[in-house]
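This report concerns only the one structure given below.
The values are calculated or read from the model by the stated rules, or taken from the named source; none is laboratory data. Please read all numbers here as calculations on a predicted model, not as lab measurements. No Cβ is skipped: glycine too gets one built from the backbone with ideal geometry, and neighbour counts run over all protein chains shown. Surface areas here come from the heavy atoms of the whole protein model, side chains and all, with no ligands, DNA or RNA. Shrake-Rupley method; radii C 1.70, N 1.55, O 1.52, S 1.80 Å.
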Amino acid sequence: MGCCSVTARGTKENGGDGHEEVELLKRDESRKPSAVCTPSPNGGPCCLPQELAILTPGKAGIHTVHTQFVSKPILFWGRTREELNNMILIEPIQGWEGQNIRSYGNVVMSSLAVMQISHTEMSECFMVLFPLHVLILSMDHQERRFIYQGLLPLSGMSVVCEQSNTGYTFEISGPMIEPRQVSCLSSSERSLWISALRKHIQEANAHYSPVSSPISILSYLIPCDQLWKKRELIKYLTSCPIQKWEGKAIQHMGHVVYLSEVQAAHTIDGDFEDRIMVLFTEDLVFLSVDPHKTSIIHQVTSLCLQPPQNL
């Protein structure tokens, strides 16, 4: 540990001119810790040293500056959390589709977790919280790259944590996701996630609220018989919860080729019902609107066997 001594001599003896002499003791550079990170024998996290200066008051106006080194933990792949967050923003993510990931804003927080992916299966993942979405990634440790698993809108999501539960687990659910258990690495990390999620869910609900007054915005967009209404409806579909949604997130179906209101029947002799038909490059989605025009309901998604022509 190096130190320097700072002595204030602005006294009457030097004429009171306000000048101060500073005496510095040369720090012993030979004792400076190495910046090389040495992993633990079992391959677990290691730490990178960072220099921290602490000013300690001393006697007779002498202040000693101590240099300490604090550890910056490595999560995996020899990278810190900040480096992994930056990697997500600048390096390709396997399986990613849709708009540039930077358009979702800055990373609020991220951490390793274990998430329920089926009724009986749990899987390790890297959870990344953006201002209005949660990104779920798995890791290819051999290739050292992330694999896209899902992007969940926070609007309409809920976080459940039983008061009696003192472990590391909480539950998330929403219109576009079945209830899933999330297990953090520590109880303190779980508390951070619950607090951050609830805060940003509240902000997302306010930002993407489908009801701006007693009248829903959908009542202005339906019927979508004008070009500007179709454009706004597309924005609504990609940002607000869709009831009973299943399968791949609508945000990752690509460009909307065509959108229109149609009448469709499930069977040849069935009754025709009002539907919103949304044609993507590879998918055809049928949606409905509730009687009060306050929410969109998913009806069916089918795969386009042939690429759609220009409509």
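May I ask you to list pairs of residues, at least six apart or on different chains, whose Cβ atoms are under 6 Å apart, with the first in region 228-251 being farther than 20 Å from V134 by Cβ and the second being in a loop (DSSP other than H, G, I, E, B)?
Within 6 Å, the pairs are K230/C224; L233/C224.
Quick check, is E162 open to solvent by 30 Å² or more (accessible area, probe 1.4 Å), within 19 Å of E189 (Cα to Cα) and either out of contact with any strand residue (DSSP E or B) (no Cβ under 6 Å at 6 or more places or on another chain) or at pLDDT below 85 (or both)?
yes
Residue-wise test of (1) modelled with pLDDT under 85; (2) more than 18 Å from I147 (Cβ to Cβ).
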{"site": "K72", "(1), (2)": "yes, yes"}
{"site": "L75", "(1), (2)": "yes, no"}
{"site": "R79", "(1), (2)": "no, no"}
{"site": "L84", "(1), (2)": "no, no"}
{"site": "M87", "(1), (2)": "no, no"}
{"site": "E91", "(1), (2)": "no, no"}
{"site": "S103", "(1), (2)": "no, yes"}
{"site": "N106", "(1), (2)": "no, yes"}
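Out of curiosity, is E143 part of a strand (DSSP E or B) and surrounded by fewer than 17 Cβ atoms within 10 Å (Cβ to Cβ)?
Spelling it out, it is not the case that E143 is part of a strand (DSSP E or B) and surrounded by fewer than 17 Cβ atoms within 10 Å (Cβ to Cβ).
With the structure loaded, tell me whether A206 is in a helix (DSSP H, G or I), aliphatic (A, V, I, L, M), under 21 Å from G156 (Cα atoms) and open to solvent by less than 20 Å² (accessible area, probe 1.4 Å) or whether it fails that test.
Spelling it out, it is not the case that A206 is in a helix (DSSP H, G or I), aliphatic (A, V, I, L, M), under 21 Å from G156 (Cα atoms) and open to solvent by less than 20 Å² (accessible area, probe 1.4 Å).
Run E178 past the list (1) part of a strand (DSSP E or B); (2) modelled with pLDDT under 85; (3) open to solvent by less than 40 Å² (accessible area, probe 1.4 Å) and report the number of the one that doesn't hold.
(3)
If I go through region 235-247 residue by residue, how many of them are over 12 Å from I296 (Cβ atoms) and either in a loop (DSSP other than H, G, I, E, B) or at pLDDT 85 or above (or both)?
2
Pick from S295, S239: which is of a type in the set (G, A, S) and buried (at least 18 other Cβ atoms within 10 Å of the Cβ)?
That would be S295, the only listed residue that is of a type in the set (G, A, S) and buried (at least 18 other Cβ atoms within 10 Å of the Cβ).
Examine region 122-139 for a residue that is open to solvent by 50 Å² or more (accessible area, probe 1.4 Å), in a loop (DSSP other than H, G, I, E, B) and without any contact (Cβ under 8 Å) to a residue 60 or more places away in the chain, and state whether such a residue exists.
no
Say we look at region 102-121 and pick out the residues that are without any contact (Cβ under 8 Å) to a residue 24 or more places away in the chain and either open to solvent by less than 40 Å² (accessible area, probe 1.4 Å) or among the β-branched types (V, I, T) (or both); which of these is nearest to F170 (Cα to Cα)?
The residue in question is T120.
Considering only region 186-201, state which residues are within 16 Å of S239 (Cβ to Cβ) and either among the hydrophobic types (A, V, I, L, M, F, W, C) or surrounded by fewer than 15 Cβ atoms within 10 Å (Cβ to Cβ) (or both).
Matches in region 186-201: I201 only.
Residue by residue through region 248-261, note down the ones that are open to solvent by less than 40 Å² (accessible area, probe 1.4 Å) and either in a strand (DSSP E or B) or within 18 Å of D225 (Cβ to Cβ) (or both).
V256, L259, S260
Here are I172, I147: which of them is of a type in the set (V, I, T) and over 25 Å from K199 (Cα atoms)?
I147
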